[in-house]
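Worksheet: one structure, shown below.
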Amino acid sequence: MTEPLIRKATSADLPTIVALLADDPLGCQREVISDPVDARYRTAFAAIDSDPNQLLVVAADGELVVGCAQITFIPGLSRTGMWRGQIESVRIAETHRRGGLGRRMFEWAIDTCRQRQCGLVQLTTDKTRPDAARFYEALGFVASHEGMKLSLQR
């Protein structure tokens, strides 16, 4: 295996990204695997791809996409106008887990946030994923806030 390359995602990567998002106990309940890719994913990809404050990336091992992540760059007035980087939807293919790729993707994402002049990087993790929380803490993240969500879907 070569060292995976982290690059901006293209529309051709979309089926694999959706499959990666669905490949876990929570994702399999909320993602839709179909051929062709569900139109909602194509619409979302177009919005992400056209927004300069969104960055969807994949990790590619040769031609094979083996990981994905999304970074949202958030401007804010608090903390003297500080920008934040929000890291979401990080997934690594089962064949490439526990080999350091997740850590490498996070380090890449954090460096990208620094380059974009973000003063803070944040993420959320589902409470049913204690291993993920330990992984984020090992990267230096601190559980300093209590997050809440309100679902608007029926």
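Nothing in this text is a laboratory measurement; each read-out follows from the coordinates by a stated rule. The model shown is predicted, which means the values in this text are computed figures rather than measured ones. Positions of Cβ are backbone-derived with ideal geometry, glycine not excepted, and every protein chain shown enters the neighbour counts.
Through the Karplus equation 6.51 cos²θ - 1.76 cosθ + 1.60, θ set to phi - 60°, convert the phi angles of the stretch 82-89 into ³J(HN,Hα) values in whole Hz; use x for Gly and Pro.
Coupling constants for the stretch 82-89: 6, 7, 10, x, 10, 9, 9, 6 Hz.
Just name one of I17, P36, S50: the one whose Cα is farthest towards the positive end of the charge dipole of the stretch 13-60 (beta-carbon charges, Lys/Arg +1, Asp/Glu -1).
So the residue we want is S50.
Shape call for the stretch 94-153 from the C-alpha gyration tensor, a ≥ b ≥ c root eigenvalues: rounded (a/c under 1.5), prolate (a/b greater than b/c) or oblate? Don't skip to the end; give the middle numbers.
On the way: a/c = 1.71, a/b = 1.13, b/c = 1.52.
Taking the square roots of the gyration eigenvalues as a ≥ b ≥ c, the stretch 94-153 is oblate.
Rounded to the nearest 20 Debye, what is the dipole magnitude of the chain about its Cα centre when Lys and Arg each give +1 and Asp and Glu each give -1 at the C-beta?
Working: 19 positive and 19 negative charges, 107 e Å.
Charge dipole, the chain, about its Cα centre: 520 debye, nearest 20.
What does the highest-first list of 89-98, 114-123 look like by mean Cβ count within 10 Å?
Numbers: 89-98: 15.9, 114-123: 14.4.
Highest to lowest by the protection proxy: 89-98, 114-123.
Skipping prolines and chain starts, which residues have an amide H placed within reach, meaning under 5 Å, of the one on D24, given they are 5 or more residues away or on another chain?
Under 5 Å from the amide H of D24 lies no amide H from a residue far enough along the sequence or on another chain.
Given a Förster distance of 22 Å, report the FRET efficiency between S151 and A46 from their Cβ-Cβ distance, rounded to the nearest 0.05. Please report the intermediate quantities before stating the final value.
Numbers: r = 24 Å, r/R0 = 1.08.
The value I calculate is 0.40.
Amide H neighbours of V90 under 5 Å, at least 5 residues apart or on other chains, H built in the peptide plane: list them.
Amide H to amide H, under 5 Å and 5 or more residues apart or across chains, V90 pairs with Q70.
Sorted from largest down, give the three principal axis spans of the alpha carbons of the stretch 1-75, whole angstrom values.
Computed over the Cα atoms, the extents are 33, 33, 22 Å.
Mind putting a number on the dipole of the stretch 83-154 about its Cα centre? Charges go on the C-beta only, +1 for Lys and Arg and -1 for Asp and Glu, and I need it in Debye to the nearest 20.
Numbers: 13 positive and 8 negative charges, 28 e Å.
Roughly 140 debye, rounded to the nearest 20.
Evaluate the charge dipole of the stretch 1-73 about its Cα centre and quote only its size in Debye, nearest 20, assuming +1 on the Cβ of each Lys and Arg and -1 on the Cβ of each Asp and Glu.
Working: 5 positive and 11 negative charges, 49 e Å.
So the dipole magnitude of the stretch 1-73 works out to roughly 240 debye.
How much length would be gained if the chain were fully extended between S78 and Q115, taking 0.36 nm per residue of separation minus their Cα-Cα distance, in nm to one decimal?
Working: separation 37, 0.36 × 37 = 13.32 nm, distance 2.00 nm.
Here the segment from S78 to Q115 would lengthen by 11.3 nm.
Give me the one-decimal nm value for the distance between modelled label points at L5 and Q54, 7 Å along each residue's Cα-to-Cβ direction.
Label at L5, label at Q54, 2.5 nm between them.
Tell me the label only: which of [x] 24, 19, 18; [y] 31, 16, 14; [z] 25, 18, 14 is semi-axes √(5λ) of the Cα gyration tensor in Å as calculated from this structure?
Only one option fits the structure, namely [x].
Rounded to whole Hz and in sequence order, give me ³J(HN,Hα) for the stretch 26-31 from the Karplus expression 6.51 cos²θ - 1.76 cosθ + 1.60, θ = phi - 60°, writing x for Gly and Pro.
7, x, 5, 8, 10, 9
List every residue whose amide H lies under 5 Å from the amide H of V121, counting only residues 5 or more places away in sequence or on a different chain, with H placed 1.01 Å from N in the peptide plane.
Under 5 Å from the amide H of V121: G85.
Can you list the HN-Hα couplings for the stretch 90-105, worked out from phi with the Karplus curve (6.51, -1.76, 1.60; θ = phi - 60°), rounded to whole Hz and with x for Gly and Pro?
3J(HN,Hα) across the stretch 90-105, in whole Hz: 7, 9, 10, 4, 3, 5, 10, 6, 6, x, x, 5, x, 4, 4, 5.
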